[in-house]
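Please treat every number below as a calculation from the coordinates, not as lab data. All values reported here derive from a predicted model rather than from experimental measurement. Reconstructed Cβ throughout: ideal geometry from the backbone, glycine too, with neighbour counts over all protein chains shown.
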Amino acid sequence: MAAVEVLSLNKNSVKFEKRIKRIATLVLRHFRKENFSLAIYLISDRKMKFLNKKFLGKNKSTDVLSFIEPKSFVYPPGRFKRLGEIYLNIPLIERQSGANFEVALSRPLIHGFLHLLGYTHRRKNDRIKMEKQEVRLLGLLNHSVF
């Protein structure tokens, strides 16, 4: 069993917490990350822009950021190994969603999760692998969740 914690940092996003937790739990299960925990934060455009500037040097908002849990960070003994944190910009995702908000919500969540697993898109070959995995997972979620 995996532990997924979803926290809304603004009141307008609370209504998405259960849906995001369900999707994240399915993705963790798919990758057999049974004894892992994951924290997902639902944040505003302004907060996302701040994080993107502070940690990546980009002075703009984005739909998702993810941060791998530092290996050297010491936690009290526990049942779960911490995988990392994902930050979702719910207002931006809503604006980009078009007709299907569920898919629009799943895509950045999956993207952030794949980064936590070590996928990147710096080189063309890496980007192709990551995009294939994203499409595959969206297809699996489409049959499992929606």
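A few remarks follow.
- Members of 60/81; 15/71; 15/124; 58/124; 11/129; 11/124 lying beyond 30 Å, as alpha-carbon distances in this model show: 60/81; 15/71; 15/124; 11/129; 11/124
- Each Lys and Arg adds +1 at its Cβ and each Asp and Glu adds -1 at its Cβ; summed about the Cα centre, the stretch 34-146 shows a dipole of about 560 debye.
- Label selected from (1) 17.0; (2) 15.7; (3) 18.4, the criterion being Kirkwood radius over Cα pairs in Å as computed here: (2)
- One decimal place: the segment residue 32-residue 103 gains 23.3 nm when fully extended, by the rule 0.36 nm per residue minus the C-alpha distance.
- 121, 111 arranged by Cβ crowding within 10 Å, fewest neighbours leading: 121, 111
- Legend: ranking of residues 81, 49 from fewest to most surrounding C-beta atoms inside 10 Å; resulting order 81, 49.
- Computed over the chain with a Gaussian network model linking Cα atoms closer than 10 Å, the most mobile of 89, 100, 35 is 100.
- Axial C-alpha extent at least 15 Å, average Kyte-Doolittle at least 0.5 - helices from the chain (DSSP): 101-116
- Residues whose placed amide H lies under 5 Å from that of residue 41, excluding near-sequence neighbours: 7, 86, 87, 88
- Projecting the Cα atoms of 96, 106, 42 onto the charge dipole of the stretch 13-119 (Cβ charges, centred on the Cα centre) puts 42 farthest toward the positive pole.
- Estimated FRET transfer efficiency when R0 is 35 angstrom, pair residue 127-residue 12 (beta carbons, to 0.05): 0.60
- Going from the fewest other Cβ atoms within 10 Å to the most, the residues 113, 31 appear in the order 31, 113.
- For the chain, the relative contact order works out to 22 percent when only alpha carbon pairs closer than 8 Å and six or more residues apart are counted.
- Calculated mean residue ellipticity, 222 nm, the chain: -15500 deg cm²/dmol, from DSSP H runs (n ≥ 4) at -39500 (n - 2.57) each, averaged per residue and rounded to 500.
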